[in-house]
Amino acid sequence: MMRSVVGKVVLSLMLISASAWAQSPLQLEFVNPDGQGVADARVELPSRGMVDFTNTNGQVQFEWTASYSSEVRVFAIAAGYPYIDTTVTYTGYSIQLTFKQPRNSIGEVVIDARSDSNSRGQLRAIEGVAIYAGKKSEVIRPNAAPANLAINNAREIFSEVTGMNVWEGDESGIQLNIGGRGLNPNRASNFNVRQNGYDISPDALGYPESYYTPPAEAVEQIEIVKGAASLQYGTQFGGLINFKMKGAPEREGYELLNRSTIGSFGLYNQFTSYGWRNGKVGTYVYGNYRRGNGWRPNSDFESVNFFGQIDYDISENTELIAEYTHLSYLANQSGGLDDNMFETDPRQSNRTRNYFGLNWNILALRFSQKWGQDKFNVRLYGLHASRNALGFRNYRPSTEDPGDTPRELITGNFQNAGLEMRYLKRYKVSGSTWATLFGARAYGARNNSQQGLGTAGSDANFTFIESEENLQSDYIYPNDNVSFFAEQLIQIGELWTITPGVRFEYINSRSDGYYREVLRDGAGNIIFNETFPGGLNRERNFTLLGIGAEYKITSKTQVYFNATQNFRAITYSDIHIVNPSFRIDEGIEDERGYSIDLGIRKSAGGRWKYDISAFLLNYNNRIGEVAQLDSSQFRIVSFRTNIGQALIYGLESYLSYQWLQDSERRLFGSAFINTSFVHSTYLKSALSNVVGNEVEFAPNLNLKAGLTFQWKSWKARGQVTYLSRQFTDAANDIDGGAPAVTGIIPAFTVADLGLTYSHGRWQGEAGINNIFNRAYFTRRATGYPGPGIIPSPGRSFYLGVQVRIGG
């Protein structure tokens with residue numbers, strides 16, 4: 001009896017204690033000046049390390065206990081409104097906060113940033129000092145949904161961007177390999193890739209390959225503008241990819257973020273960032289260390305990445321930002337496979353001495369000035385970098401590395417600098433808002449590439465040896481570019497927007513150096529060894545025209561159209577390289593053409609969101625590869641030349657539906673399907689057996705679908721990716737043969753799963769990539785990291801923890 005009474009007393013005390021400890025949640029409601037709820041606002045309680053997003057009614061709530069102070073700081077951001085930074089007192093009842101009037105009628109960036117699902121949005125008519133009205137644009141937030149950010153898994157990060165074709169095989173995530181609409185994905189070289197608005201490639205025109213990719217953990221959002229971006233950002237058929245980095249906090253105080261991730265095959269990723277602001281000065285720095293052993297043997301990697309930013313508000317309307325980026329990277333490369341080797345064992349490797357190394361340094365200054373609604377921006381940036389590739393590279397992947405012979409070494413040293421200026425003026429015409437944008441750019445690059453024999457050891461020694469036949473080639477590549485552009489935003493009434501534009505380009509590309517030709521007899525003795533000087537001087541100037549239009553069906557739904565001329569200069573990899581599996585046409589020319597988009601989109605409001613568009617890409621003088629017999633060596637090689645005129649058209653469709661929304665129980669669920677239907681053909685070609693063939697890297701169907709579910713602080717996301725078969729050369733070869741550098745890439749399906757749990761300032765995450773352990777590949781490499789088939793990784797797991805501390 002006594003035991004029963006004591007038990008009841010203890011239970012009562014526990015219930016009383018619990019009720020005293022657990023209180024009603026902190027309830028906040030955010031409204032606009034008209035009293036309407038503001039959905040998708042990001043709300044943060046810095047002292048508690050809590051972050052969440054408002055529902056469709058502008059409401060959000062946070063768990064609350066008696067141990068918390070009754071006063072708490074609230075920091076909230078919503079697209080198009082000045083941020084809220086205030087202190088509220090907990091009362092147990094809902095507290096209403098009002099966003100002030102938007103800064104201008106033509107908005108800036110729209111991100112449908114609900115934490116339950118949507119990591120995708122679009123760019124509005126004007127953002128900063130850029131005009132995007134009438135253009136097909138997409139914006140993604142890598143941190144909005146569970147994904148393997150530790151290795152920059154592009155298959156997950158870009159899954160909601162229409163039409164993206166991702167090459168896989170670089171498990172470090174350092175190099176971004178994405179294309180679309182039949183464009184070669186190799187290091188995203190058909191896009192103008194930028195970080196915070198400035199170039200990060202070795203040479204934006206002569207060598208636009210993305211050796212460096214910012215870590216997804218440091219990226220606030222990725223902005224993609226398809227082909228129409230050529231007028232404002234330069235000459236690439238793919239368009240723009242801009243990594244907008246996280247930066248110094250807008251509010252005073254500090255924030256420390258630490259993320260640690262481990263995974264299969266020895267993966268370890270450590271990311272730490274620190275942001276701080278006091279008055280007019282703000283800073284943001286991060287460090288990222290990453291290493292792993294890789295899915296295949298001989299594929300271990302290690303990288304160190306650092307970024308630092310200082311933000312100084314000279315006045316309320318004047319801002320100066322300085323940034324520095326550094327990356328050092330070393331990877332063992334396991335080499336390519338032929339078709340038989342892949343079928344037998346896709347994990348095998350017979351290259352133990354192949355290495356790839358990077359050293360990347362970027363310095364940038366950004367100056368911004370506002371006069372009312374007018375804006376002026378200057379970007380001054382420079383790059384000093386190097387990349388080295390070393391290894392045994394026989395044209396047959398099945399040939400074993402003898403292990404005691406000198407290896408082939410290719411080095412590149414890159415220096416470039418650019419100055420870009422933009423001026424945006426807004427004004428009223430008959431009650432409508434018009435805007436004029438002017439821009440200018442001066443850019444210069446001085447790069448050097450050498451190729452010859454490296455050491456016979458097995459270490460990553462990137463030095464040439466003294467030999468009778470070294471160097472095989474040595475070239476410098478000066479490149480100068482001056483350009484001007486103008487775009488006009490014409491608003492007709494409240495529904496129509498017209499945006500004509502023009503760009504003038506002056507490009508002077510040169511090369512100067514030599515290559516060596518060596519012949520041996522049957523015993524391996526050198527019987528011919530001679531150098532041949534070579535050079536190139538191509539000076540051209542031209543004008544690109546474009547026009548866009550947008551019709552507003554509702555405030556959230558628009559029809560858009562754009563037609564823009566495009567140009568892509570020949571790159572240095574199109575001109576000079578010594579490769580046993582590769583030959584280059586000495587008369588190769590620049591590529592020209594145009595792109596057209598016509599679509600309808602709805603990016604916010606309601607449960608349905610979509611972006612459905614038809615596109616056409618006319619590609620003259622398209623550069624590509626065909627298999628060809630090398631009569632001097634009596635073997636098949638990949639021959640790079642101007643294939644001819646290619647026509648690529650199709651339908652890109654993104655649909656998202658929020659199938660579950662229960663704010664009372666904090667249950668949310670959504671699904672998306674992202675499809676690209678593409679038809680491609682060569683209309684003209686001087687080569688035989690090409691006309692009527694499909695364009696390479698243009699799968700007829702590119703499908704991604706995903707399902708997201710959130711319950712309270714739990715978030716799960718599963719996705720599946722399917723690509724139909726695609727060709728890798730203009731001749732549409734099926735069999736890769738001994739080199740395996742051409743041939744089809746078979747259709748494949750791969751699935752991924754991610755999970756996160758948040759509690760206060762802590763977050764845990766886990767996931768599985770390639771759930772069903774499918775054996776497939778997305779790439780046939782003509783050079784490093786091959787040549788041959790580069791298998792995609794099999795099933796892998798990752799587990800991570802994050803802590804956020806603010807004050």
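Assorted remarks:
- Tabulated pairs, the range 703-719, first within 17 Å of ARG665 (Cα to Cα), second of a type in the set (D, E, K, R) and open to solvent by less than 40 Å² (accessible area, probe 1.4 Å), C-beta under 6 angstrom, 6+ apart or interchain: THR708/ARG717; GLN710/ASP116
- Matching residues, the range 798-807, being at pLDDT 95 or above and either open to solvent by 20 Å² or more (accessible area, probe 1.4 Å) or small (Gly, Ala, Ser) (or both): LEU799, GLY800, VAL801
- Qualifying residue in the range 398-408 (condition: in a strand (DSSP E or B) and either buried (at least 19 other Cβ atoms within 10 Å of the Cβ) or touching a residue at least 12 places away in the same chain (Cβ under 8 Å) (or both)): yes
- You will find that of ARG351, ARG296, ARG291, ARG347, the residue that is part of a loop (DSSP other than H, G, I, E, B) and open to solvent by 60 Å² or more (accessible area, probe 1.4 Å) is ARG347 and no other.
- Among residues of the range 746-770 that are without any contact (Cβ under 8 Å) to a residue 40 or more places away in the chain and in a strand (DSSP E or B), those with a beta-carbon under 8 Å from a residue that is β-branched (Val, Ile, Thr) and open to solvent by 50 Å² or more (accessible area, probe 1.4 Å) at least six positions away or on a different chain give the pairs THR749/VAL720; ALA751/VAL720; GLY764/VAL801.
Condition check ((1) among the β-branched types (Val, Ile, Thr); (2) open to solvent by less than 10 Å² (accessible area, probe 1.4 Å); (3) closer than 20 Å to ASN293 by Cα) across all residues:
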site: THR721; (1), (2), (3): yes, yes, no
site: SER724; (1), (2), (3): no, no, no
site: ALA731; (1), (2), (3): no, no, no
site: ILE734; (1), (2), (3): yes, no, no
site: SER758; (1), (2), (3): no, no, no
site: GLY764; (1), (2), (3): no, no, no
site: ASN770; (1), (2), (3): no, yes, yes
site: ARG779; (1), (2), (3): no, no, no
site: SER796; (1), (2), (3): no, no, yes
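- Scanning the range 516-540 for residues that are of a type in the set (Gly, Ala, Ser) and open to solvent by 70 Å² or more (accessible area, probe 1.4 Å) yields GLY522, ALA523.
- From the list SER685, SER670, SER758, SER713, the one residue that fits, being of a type in the set (Ser, Thr, Tyr) and closer than 23 Å to ILE643 by Cβ, is SER685.
- Whichever residue in the range 545-557 is at pLDDT 95 or above and open to solvent by less than 70 Å² (accessible area, probe 1.4 Å) and, among such residues, is farthest from GLY606 (Cα to Cα): GLY546
Conditions (1) in contact (Cβ under 8 Å) with a residue 40 or more places away in the chain; (2) closer than 28 Å to PHE504 by Cβ; (3) in a loop (DSSP other than H, G, I, E, B), marked per residue:
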residue: GLN175; (1), (2), (3): no, no, yes
residue: ARG194; (1), (2), (3): yes, yes, no
residue: GLU209; (1), (2), (3): yes, yes, yes
residue: LEU257; (1), (2), (3): yes, no, no
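- Residue in the range 233-240 that is within 30 Å of GLY180 (Cβ to Cβ), part of a strand (DSSP E or B) and either open to solvent by 10 Å² or more (accessible area, probe 1.4 Å) or of a type in the set (Lys, Arg) (or both) present: no
- Residue match in the range 48-62 (condition: in a helix (DSSP H, G or I), at pLDDT below 80 and in contact with a Lys or Arg (Cβ under 9 Å, 6 or more places away or on another chain)): yes
The values are calculated or read from the model by the stated rules, or taken from the named source; none is laboratory data. All values derive from a computational prediction rather than experimental measurement. Note that each Cβ is placed from the backbone with ideal geometry, even for glycine, and that neighbours are counted across all protein chains shown. We work out accessible area using only protein heavy atoms, side chains counted, and drop any ligands, DNA or RNA first. Shrake-Rupley method; radii C 1.70, N 1.55, O 1.52, S 1.80 Å.
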